[in-house]
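The block underneath contains the structure these notes are about, expressed in structure tokens.
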Amino acid sequence: MQIRDIFNKKKFLFSFEIFPPKATSSINTIYKTLESLSDLRPDFISVTYGAGGGSLQNKTKELTSLVKNKYGIEAVAHLTCIRSTKEEIRKILDDLKAEGIENILALRGDIQIDEEVKGDFKYASDLTKFIKENGNFDIVGTCYPEGHIDSKILEEDVKNLRYKIDAGATHLITQLFYDNNDFYKFLDLTKKYNINVPIEAGIMPLTNKKQIERIATLSGSKIPEKYNKIMNKFEHDTEALMDAGIAYATEQIIDLIANDVDGIHLYTMNNPYVARKTHDSIISIIHSVNRN
Ligand code: FAD
């Protein structure tokens, strides 16, 4: 099923993001994680597309297919374009179609400092347009409540969302954020620029201090003082850190739902414990929203 059809039936979506195992590991290493995550019956699971090339990128297709065809959960394949030719992307689209995949998260991909990129696409909107012209996929796009790191002005970044929506993106998923006020300010801007597709908030429960700091550096996401205190207090006690992180994420999610967010996209980091505990703390709230 296409994600836009799920949005037509439900007020609120709850989805997960996972990543393929390392290039050197077999896909089988993720079966246990998938079994556990699929028990929670999310509206869809999206699978990231590695920048590592070759076998890792094939694993995205394999894993997306497993999610859909073995576990019966709707699946979204991430796809980046910045280093690809049209022919390469066309082949990937054909492969995804052959696996019955109906949804793609169309991405530009990160560009390294001083990297000279060669490919047929410049922005995610170029890929969105190409996918739209080359298959019957539902297309999802990204957005950045604190602004994309390449955009000096948040408002410019929000204005640029128009390109991917006009090209065919039917819903957006945000970069992770830790302060809901950033998201609400961003939503005000999306209204100003008539960005009127559903927007799922990307939430990543804290599982590892170093990882959070690395992501914050790469993406430019702010870490609030309250969050920093939790990380510093529990960084050497994995279980306590995870439980504190789940509590923080749960509080964020409940506030977002109370403010009518269209959906939550949980960055699971392939950690079923975190996904399950977060899910269990909010499931009655999700049911309540979708009943009314
Ligand atoms: P774009 O939407 O193309 O935007 C990039 C920049 O260009 C922004 O500053 C934007 O304002 C500007 N821009 C866009 N269109 C125009 C235009 N027409 N004219 C001028 N400026 C424009 N990376 C991976 O490698 N694999 C993944 O699986 C992956 N999954 C992700 C999932 C989510 C939910 C998110 C939020 C990010 C993910 N990323 C992934 C990271 C992503 O590839 C990077 O953030 C990348 O730097 C930007 O990709 P984009 O598709 O958001 O870019």
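The values are calculated or read from the model by the stated rules, or taken from the named source; none is laboratory data. Being a predicted model, the structure only gives us computed values, none of them experimental. Backbone-built Cβ (ideal geometry, glycine too); neighbour counts: all protein chains shown. To get the accessible areas, we keep the full protein, side chains included, count just its heavy atoms, and leave off ligands, DNA and RNA. Shrake-Rupley method; radii C 1.70, N 1.55, O 1.52, S 1.80 Å.
For segment 76-91, name all the residues that are within 13 Å of the ligand (Cβ to nearest atom) and either under 13 Å from residue 104 (Cβ atoms) or in contact with a Phe, Trp or Tyr (Cβ under 8 Å, 6 or more places away or on another chain) (or both). Let's see the steps before the verdict.
Of all residues in segment 76-91, those within 13 Å of the ligand (Cβ to nearest atom) come to 76-84.
Within segment 76-91, 76, 77, 78, 79, 80, 81, 82, 84 meet the criteria.
Based on this model, can you work out whether residue 240 counts as open to solvent by less than 20 Å² (accessible area, probe 1.4 Å) and either among the aromatic types (Phe, Trp, Tyr) or without any contact (Cβ under 8 Å) to a residue 12 or more places away in the chain (or both)? First the steps, then the outcome.
Details: open to solvent by less than 20 Å² (accessible area, probe 1.4 Å): no; either among the aromatic types (Phe, Trp, Tyr) or without any contact (Cβ under 8 Å) to a residue 12 or more places away in the chain (or both): yes.
In short, no.
Take the conditions near the ligand (Cβ under 10 Å from one of its atoms) and either touching an Asp or Glu at 6+ places or on another chain (Cβ under 9 Å) or open to solvent by 70 Å² or more (accessible area, probe 1.4 Å) (or both) and apply them to residue 146. Does it pass?
On the way: near the ligand (Cβ under 10 Å from one of its atoms): no; either touching an Asp or Glu at 6+ places or on another chain (Cβ under 9 Å) or open to solvent by 70 Å² or more (accessible area, probe 1.4 Å) (or both): yes.
Criteria not met by residue 146.
Out of the residues in segment 128-143 that are of a type in the set (Val, Ile, Thr) and farther than 16 Å from residue 174 by Cα, which is surrounded by the fewest Cβ atoms within 10 Å (Cβ to Cβ)? Can you show your working first?
Step one: list which residues in segment 128-143 are of a type in the set (Val, Ile, Thr), which gives 128, 131, 139-140, 142.
Next, only the ones that are farther than 16 Å from residue 174 by Cα stay: 128, 131.
Details: 128: 27, 131: 25.
The selected residue is 131.
Are any residues in segment 175-210 open to solvent by less than 40 Å² (accessible area, probe 1.4 Å), within 16 Å of the ligand (Cβ to nearest atom) and of a type in the set (Ser, Thr, Tyr), and if so, which ones?
Within segment 175-210, 178, 190 meet the criteria.
State all residues of segment 243-259 that are within 15 Å of residue 228 (Cα to Cα), within 20 Å of the chain's Cα centre (by Cα) and open to solvent by 20 Å² or more (accessible area, probe 1.4 Å); if no residue qualifies, say none.
Result: 248, single match.
Checking residue 1 against (1) closer than 24 Å to residue 89 by Cα; (2) modelled with pLDDT of 95 or more; (3) under 17 Å from the mean Cα position of the chain (by Cα), only one condition comes out false. Which one?
(3)
Going through segment 68-87 one residue at a time, which ones are within 18 Å of residue 139 (Cβ to Cβ) and out of contact with any Lys or Arg (no Cβ under 9 Å at 6 or more places or on another chain)?
68, 76, 78, 79, 84, 86
For segment 22-38, give me the residue count where each residue is touching a residue at least 40 places away in the same chain (Cβ under 8 Å) and out of contact with any strand residue (DSSP E or B) (no Cβ under 8 Å at 6 or more places or on another chain).
2
Yes or no, residue by residue, for (1) in contact with a Ser or Thr (Cβ under 8 Å, 6 or more places away or on another chain); (2) at pLDDT below 95; (3) closer than 21 Å to residue 8 by Cα:
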position: 253; (1), (2), (3): yes, no, no
position: 259; (1), (2), (3): no, no, yes
position: 262; (1), (2), (3): no, no, yes
position: 265; (1), (2), (3): yes, no, yes
position: 269; (1), (2), (3): yes, yes, no
position: 275; (1), (2), (3): yes, no, no
position: 278; (1), (2), (3): yes, no, no
position: 283; (1), (2), (3): no, no, yes
position: 288; (1), (2), (3): no, no, yes
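Hey, can you tell me all the residues within segment 97-129 that are under 26 Å from residue 75 (Cα atoms) and either away from the ligand (no atom under 14 Å from the Cβ) or in contact with a His (Cβ under 7 Å, 6 or more places away or on another chain) (or both)?
Listed by number, the residues that qualify are 97, 98, 99, 100, 101, 102, 105, 107.
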